[in-house]
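Take a look at the structure set out below.
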Amino acid sequence: THKQATVTKYPNLTLRRGIADKTELWQWHQDVVNGRIQKRQINLVLIDVAGKDAWRWVFEKAYPVKWSGATLNAATSAVLVESVEFAHDGVTKG
């Protein structure tokens, strides 16, 4: 049996972070919800213990497709976390 090369499929990129006072990701998602899709490049950087770039991934033509907010619970002091999922056209090492 011979294997043939096929088109590579990329899964969506999901980023999670603690709730912050910056609203750029939320606004970008709202623009997409309202039909204004602007694809952008996302640079994801892994930082080593010395604070220097250890690895970088570049996601091309990305746009948010899902936003999940934190579950609020007044009985706990847990950190609120939001999640944003991005569709993209491929990833390369930067």
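The values are calculated or read from the model by the stated rules, or taken from the named source; none is laboratory data. Keep in mind it's a predicted model, so treat the numbers as computed, not measured. Methodologically, a virtual Cβ is constructed for each residue, glycine included, from the backbone with ideal geometry; neighbour enumeration extends over all protein chains shown. These accessible areas exclude ligands, DNA and RNA; they are computed on the full protein's heavy atoms, side chains included. Shrake-Rupley method; radii C 1.70, N 1.55, O 1.52, S 1.80 Å.
Per-structure values
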quantity: Angle in degrees between helix 24-33 and the longest Cα principal axis of the chain, rounded to the nearest 10; calculated: 70
quantity: Square roots of 5 times each gyration tensor eigenvalue, C-alpha, the stretch 18-94, largest first, Å; calculated: 25, 22, 9
quantity: Summed residue charge, Cβ within 13 Å of GLU82's Cβ, Lys/Arg positive, Asp/Glu negative; calculated: +1
quantity: Ordering of 1-10, 40-49, 73-82 by burial proxy (mean other Cβ atoms within 10 Å per residue, highest first); calculated: 40-49, 73-82, 1-10
quantity: Within the accessible area of the chain (1.4 Å probe), percent carbon and sulfur; calculated: 53
quantity: Label-point gap, in nm, between GLU85 and ALA50 - each point 7 angstrom along Cα→Cβ; calculated: 3.9
quantity: The stretch 2-94: Lys pairs at Cα distance under 25 angstrom, eight or more positions apart or on different chains; calculated: 14
quantity: LEU72 versus ASN34: modelled label distance in nm, points set 7 Å from Cα along the beta carbon direction; calculated: 2.3
